[in-house]
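Enquirer: I'd like to ask you about the structure that follows.
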Amino acid sequence: MKDSKKLPATASRREFLKYGAAASTFFIVPRHVLGGSGYVPPSDQLGLAAIGSGGKGASDIRLAAGEGMERVVALCDVDFGGSAARTVEAFPNAKRYADFREMLEKEKDIDAVTISTPDHVHGPAAVYAMERGKHVYVQKPLTHNIREARLLTEMARERKVVTQMGNQGGSNPYLKLVQEWVDSGKLGKIHKVQVWTNRPVWPQGIAFPQPDPTMKPDTLDWNLWLGPAPEIPYTPNIAPFNWRGWWDYGTGALGDVGCHLIDIPFRTLKLHYPLDAECSVASLFSQMWTPDYHPEGAPSASFITLHFPATEKSQTPIEMTWSDGGIRPSHPEIIPADHEIGGTGSQNGVLIIGEKGLISTNINDSSPLMPKLYLNDGTVEIGPQSEEDMAPEYGHQRYWVAACKAGFDSPEHRALTSSFDYAGPMTETVLMGNLAIRSYMLRKADANGRMQYYGRQKLLWDGDNMRITNLEDANQFVTRTYREGWAI
């Protein structure tokens, strides 16, 4: 063994973890990092906390903790009377907080946090945690807007913290089969990608609900739930889930599953920022000739087109289309009519189309990926149609924990499938679709008092500088207005 500097006898657990990241020749890898049973001494345990402890947050903190292999120090949630109550039962010794800022100031034994709040709080919570040197696991989409995604990506490098976005399908081992089909040249030059989903499955494309403070649950801290969003009276049918369709809190169907679906071609083809974005959306008519107008929320269905420059994987420019609201591409002739496209019932999927054939896959969250290859010469290769003996959520959270212990820029860190270096640009691409949708709803009255929708055009994107170059008003959607005390 190489000589290495000795750790002081009085070193704290935090110093041990920090030292282990810097001195890989001496670092002892904790037992059962990726699962299994057995005692793990406290000195080998990561101090974890959850920001958002119910819903998806319950499984994120549970899987990160690894059935007792790490120590859950604290739990944060704005409503412990909801689904977070089960997380309290699972971790009865963890201290409880409603405000993540208070938790991170008071609990000095936290090494890393999972962030599983509604979308609009992802950015502020991650910034607050990384400023204090905490490693972060942030649910998808990484952020509510493009500027936040860029900020988190750069901050993770500057603060040297280990990061992972919660698009667990990025760790699905069957993605390697899709990558092999592309890398082997079986498709030839790839020119088009089609992505679609049956989402939304929540109320969307309608008027914002009316407030009713009398209906607020006693256990809910509504002010903290609003976070950076404008202050409004308690409004039913928003929390805990239906916030997804409203721009102040959610990111629509794209934010819900875009980071699972778009992840597949973005990762496989090594895409980067798109060059432009264009969209059309469904119109609802409550009265003749006058479409309903609800710019405060996402539409019931949309169709997005993005263009990307050629990469080493595609060799030619790529056109990517996204459709939601149950609208899907036509069934390609090369795929037999009795074969589903994408996943079960053809409800969600990705088609990667080249000059020699195409690849069809399902959503890659925790659904069977169901990869299939169809070539023009009649060749058909069917990958696994079920996923057996897989680690829970493909070990996505546990890989992040192992990387936290190994340290920033360790082999374990570099092996993560959705660290912010990757997840940031991919999230920006997903959110470009929402920028196009919100720009599509821009309008102003002409000289005759008729409304003109002046944002319904192809938007040219300067990705490096985060700017639409041909419609200045569209740039308001690159970021957001923050409530006082929540700006980042």
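Enquirer: Of LYS56/LYS176; LYS160/LYS313; LYS56/LYS160; LYS192/LYS356, which ones are farther than 22 Å apart at the Cα?
Expert: Those over the limit are LYS56/LYS176; LYS160/LYS313; LYS56/LYS160.
Enquirer: Determine the percent antiparallel among the DSSP beta bridges restricted to the chain, to the nearest 5.
Expert: 60
Enquirer: State the extension gain, in nm to one decimal, for the chain segment bounded by ASN376 and LYS189, taking 0.36 nm per residue of separation less the distance between their alpha-carbons.
Expert: Value of the extension gain: 66.0 nm.
Enquirer: Here is a further query. Scan the stretch 352-423 for GluC sites (Glu not before Pro) in coil per DSSP, keeping those whose Cβ has at most 15 other Cβ atoms within 10 Å, and list them by number.
Expert: Those satisfying the criteria are GLU355, GLU387, GLU388.
Enquirer: Let me ask you something else. Let a ≥ b ≥ c be the square roots of the eigenvalues of the Cα gyration tensor of the stretch 148-216; is it rounded (a/c under 1.5), or, if not, prolate (a/b larger than b/c) or oblate?
Expert: It comes out oblate by the Cα gyration axes.
Enquirer: Rounded, prolate or oblate: which one fits the chain, using the alpha carbon gyration tensor with axes a ≥ b ≥ c (rounded when a/c is under 1.5, else prolate when a/b beats b/c, else oblate)?
Expert: Cα axes put the chain in the oblate bin.
Laboratory data are not the source of any read-out in this text; all were calculated from the coordinates shown. All of these numbers come straight from a predicted model, not from anything done at the bench. Here Cβ is always computed from backbone atoms with ideal geometry, including for glycine, and neighbour counts include all displayed protein chains.
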